[in-house]
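Below is one structure; the comments refer to it alone.
The values are calculated or read from the model by the stated rules, or taken from the named source; none is laboratory data. From a predicted model like this one, the values you see are computed outputs, not experimental measurements. Counting neighbours? That spans all protein chains shown, and the Cβs are built from the backbone with ideal geometry, glycine included. The area values use the complete protein model at the heavy-atom level, side chains included, leaving out ligands, DNA and RNA. Shrake-Rupley method; radii C 1.70, N 1.55, O 1.52, S 1.80 Å.
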Amino acid sequence: MIFDLQRARRETPGCANVLHFNNAGAALMPEIVTDALVNHIQLEAQIGGYEAAERAHESVEHAYHAAAALIGCAPTEIAFIENATRAWDMAFYSLPLAPGDRILTATAEYASNYIAYLQVARKTGAIVEAIPNDDHGQLSVEALRRAIDERVRLIAITHVPTNGGLVNPAAAVGRIAREAGIPYLLDACQSIGQMPVDVEAIGCDMLSATGRKYLRGPRGTGFLYVRRTLLESLEPPFLDMHAAEWVARDRYEVREDARRFENWETNYAGKIALGVAIEYALAWGLDAIKHRVTTLAANLRARLRELPGVEVHDLGVERCGIVTFTVEGREPEAIKQTLAEHRINVSVSDRSSTRLDMEARGLSDLVRASVHYYNSAEEIERFCETLKTVWPGGGRI
Ligand SMILES: Cc1ncc(COP(=O)(O)O)c(C=O)c1O
């Protein structure tokens, strides 16, 4: 598969400044996305915010079509929300739960989601259960199947967890959820934009996504998908005059489409720019992106394993663009800081972001190097060479 790396880098001005392996934090925006963002803000400054929104109506609407095309749903099943967490929350907190109702999740579940489970469990008496992993370190589909009974009200998992390189078997989970008729909420925050994510193929009923990670959109953007058949039965935890209409002194009507989960006031520039970022990803092709990202990440893992003292901690049958590792005797935060001095960006994942997984593996902090398609083989070399020069023997870290 030929990938036009030169073009990808040319269209990404940040590539000239930094070696960016923090794409699972926030990827570098392509120029076309920053232009869309800045142009709309300029328009707001020039003609007024409301007037700019009116003039940009088509671009805003287009964003819904782009998101729908990306995940294989209808535009009416999309809500734009300011981040993946709030998108996920809007779906989760809409679900009616009662004492004894079971929520099944995965071991590598993300902290914000788990905190929400704990809060709702405390308030409603529902029970949250993490399904164990299989021998490959991904959610055990068999254990999930065995856990199903008539009290399970929700299956909610993270597709690509915060760290660990893992891609959970989302479609196998979807088949179980469908057979049992249980709503299925997928946190696709870190998979969206780095691989094809199709809600029909996966079989999820709700899905949350962020803009700034692999989609390469602006910060403070995200979206929620809710299947049409579920929409009507989910009343959002917050309503405003965009989500609902005040039809009589003592009555309101919630709108029919997924925009019932949105706010009236919103970041129009961000929404337009996210639409452009999605179009841009679609133009590259999600299969091509996945192939490129997984190949780069596999190469990075292989190179890191050659370095003495480095341990790669990734899991799963299928692995993605996220590579996590530790260096013997070195604090991940210190490694991050030292790399930053060389204009190399990585992040650190701490235990509390995926506590069940990290505790089970006896890990505290990890360095997370996450690649995107615009990264190059040369950057992988430079990354590993830099790590070597700041090696314990080299005494720099
Ligand atoms: C698995 C997962 N879900 C959700 C989120 C939260 O996304 P956002 O910051 O857009 O709310 C993250 C962020 O790192 C994440 O890793």
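Considering each of Phe21, Phe3 in turn, give the residue that is of a type in the set (Phe, Trp, Tyr), open to solvent by less than 50 Å² (accessible area, probe 1.4 Å) and modelled with pLDDT under 95.
On the way: Phe21 fails: modelled with pLDDT under 95.
The match here is Phe3.
Restricting the stretch 109-159 to residues that are more than 13 Å from the ligand (Cβ to nearest atom), free of Cβ contacts under 8 Å to residues at least 12 places away in the same chain and of a type outside the set (Lys, Arg), which is nearest to Ala180 (Cα to Cα)? Before you say what the answer is, go through the steps one by one.
Going residue by residue through the stretch 109-159, those that are more than 13 Å from the ligand (Cβ to nearest atom) are 117-155.
Right, trim to free of Cβ contacts under 8 Å to residues at least 12 places away in the same chain and you get 118-119, 122-123, 134-135, 140, 142, 146, 150.
Those left that are additionally of a type outside the set (Lys, Arg): 118-119, 134-135, 140, 142, 150.
Numbers: Leu118: 24, Gln119: 26, Asp134: 21, Asp135: 25, Ser140: 17, Glu142: 14, Glu150: 9 Å.
Result: Glu150.
For the stretch 251-278: of the residues being in contact (Cβ under 8 Å) with a residue 24 or more places away in the chain and among the hydroxyl-bearing types (Ser, Thr, Tyr), which is most open to solvent (accessible area, probe 1.4 Å)?
Tyr268
Between a first residue in the stretch 59-78 that is closer than 22 Å to Asp287 by Cα and a second residue that is assigned to a loop (DSSP other than H, G, I, E, B) and open to solvent by 10 Å² or more (accessible area, probe 1.4 Å), which pairs have beta carbons less than 8 Å apart while being 6 or more apart in sequence or on different chains?
Taking only residues 6 or more apart or on different chains, the pairs are Ala68/Ala74; Ile71/Asp198; Gly72/Asp198; Cys73/Arg227.
Kindly evaluate Trp264 against the criterion of being assigned to a loop (DSSP other than H, G, I, E, B) and over 23 Å from the mean Cα position of the chain (by Cα).
On the way: assigned to a loop (DSSP other than H, G, I, E, B): yes; over 23 Å from the mean Cα position of the chain (by Cα): yes.
In short, yes.
Would you please list the contacts, defined by Cβ atoms under 7 Å and residues six or more apart or on different chains, that run from a residue in the stretch 160-171 that is open to solvent by 10 Å² or more (accessible area, probe 1.4 Å) and away from the ligand (no atom under 12 Å from the Cβ) to a residue that is at pLDDT 95 or above and in a loop (DSSP other than H, G, I, E, B)?
If the second residue must be at pLDDT 95 or above and in a loop (DSSP other than H, G, I, E, B), the pairs left are Pro169/Gln138; Ala171/Gly203.
Kindly list the number of the only condition in (1) assigned to a helix (DSSP H, G or I); (2) in contact (Cβ under 8 Å) with a residue 24 or more places away in the chain; (3) within 12 Å of the ligand (Cβ to nearest atom) that fails for Ile176.
Of the numbered conditions (1) assigned to a helix (DSSP H, G or I); (2) in contact (Cβ under 8 Å) with a residue 24 or more places away in the chain; (3) within 12 Å of the ligand (Cβ to nearest atom), the odd one out for Ile176 is (3).
Consider the stretch 199-208. How many of its residues are under 17 Å from Ser94 (Cβ atoms) and either away from the ligand (no atom under 15 Å from the Cβ) or in contact with a Gly (Cβ under 8 Å, 6 or more places away or on another chain) (or both)?
Applying the first criterion (under 17 Å from Ser94 (Cβ atoms)) to the stretch 199-208 yields 204-208.
After this cut, where a residue has to be either away from the ligand (no atom under 15 Å from the Cβ) or in contact with a Gly (Cβ under 8 Å, 6 or more places away or on another chain) (or both) as well, the list is 204-205, 208.
Summing the residues that are under 17 Å from Ser94 (Cβ atoms) and either away from the ligand (no atom under 15 Å from the Cβ) or in contact with a Gly (Cβ under 8 Å, 6 or more places away or on another chain) (or both) in the stretch 199-208 gives 3.
Has the stretch 137-150 got any residue that is within 30 Å of Tyr374 (Cβ to Cβ), outside any strand (DSSP E or B) and open to solvent by 30 Å² or more (accessible area, probe 1.4 Å)? Walk me through it before giving the result.
Filtering the stretch 137-150 for residues within 30 Å of Tyr374 (Cβ to Cβ) gives 137-138.
Keeping just the survivors that are outside any strand (DSSP E or B) gives 137-138.
Restricting the remaining residues to those that are open to solvent by 30 Å² or more (accessible area, probe 1.4 Å) gives none.
Scanning the stretch 137-150 turns up no residue that is within 30 Å of Tyr374 (Cβ to Cβ), outside any strand (DSSP E or B) and open to solvent by 30 Å² or more (accessible area, probe 1.4 Å).
How do the pairs read when you match residues in the stretch 83-97 that are closer than 16 Å to Leu154 by Cα and more than 13 Å from the ligand (Cβ to nearest atom) with residues anywhere that are among the hydroxyl-bearing types (Ser, Thr, Tyr) and open to solvent by 10 Å² or more (accessible area, probe 1.4 Å), using Cβ under 8 Å and keeping only pairs 6 or more apart or on different chains?
Leu97/Thr124
I'd like to check which strands (runs of 3 or more DSSP E) are fully inside the stretch 289-397 and have at least 1 residues that are open to solvent by less than 50 Å² (accessible area, probe 1.4 Å), at pLDDT 95 or above and of a type outside the set (Val, Ile, Thr).
Numbers: elements: 310-312, 322-327, 347-349, 366-370.
Fully inside the stretch 289-397 and qualifying: 322-327, 347-349, 366-370.
Report every pair of residues separated by at least 6 positions or lying on different chains whose Cβ atoms are under 7 Å apart, first residue within the stretch 334-348 and over 14 Å from Ala24 (Cα atoms), second assigned to a helix (DSSP H, G or I) and among the aromatic types (Phe, Trp, Tyr).
Matching pairs, first to second residue: Ile344/Phe383.
Here's the yes/no breakdown for (1) of a type outside the set (Gly, Ala, Ser); (2) within 16 Å of the ligand (Cβ to nearest atom); (3) touching a Ser or Thr at 6+ places or on another chain (Cβ under 8 Å):
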site: Leu186; (1), (2), (3): yes, yes, yes
site: Cys189; (1), (2), (3): yes, yes, yes
site: Val197; (1), (2), (3): yes, yes, yes
site: Thr210; (1), (2), (3): yes, yes, yes
site: Gly222; (1), (2), (3): no, yes, yes
site: Arg255; (1), (2), (3): yes, no, no
site: Arg260; (1), (2), (3): yes, no, no
site: Ile278; (1), (2), (3): yes, yes, no
site: Asn299; (1), (2), (3): yes, no, no
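Name the residues in the stretch 59-90 that are open to solvent by less than 20 Å² (accessible area, probe 1.4 Å) and either out of contact with any helix residue (DSSP H, G or I) (no Cβ under 7 Å at 6 or more places or on another chain) or closer than 17 Å to Tyr268 by Cβ (or both), would you?
Val60, Ala63, Tyr64, Ala66, Ala67, Ile78, Ala79, Phe80, Ile81, Ala84, Ala87
Only one of (1) open to solvent by 30 Å² or more (accessible area, probe 1.4 Å); (2) over 22 Å from the mean Cα position of the chain (by Cα) fails for Ala244. Which number is that?
With (1) open to solvent by 30 Å² or more (accessible area, probe 1.4 Å); (2) over 22 Å from the mean Cα position of the chain (by Cα) applied to Ala244, the lone miss is (1).
Are any residues in the stretch 172-183 crowded, with 24+ Cβ neighbours inside 10 Å and more than 16 Å from Tyr110 (Cβ to Cβ), and if so, which ones? Let's see the steps before the verdict.
Narrowing the stretch 172-183 to residues crowded, with 24+ Cβ neighbours inside 10 Å: 173, 177.
Answer for the stretch 172-183, where residues must be crowded, with 24+ Cβ neighbours inside 10 Å and more than 16 Å from Tyr110 (Cβ to Cβ): just Ala177.
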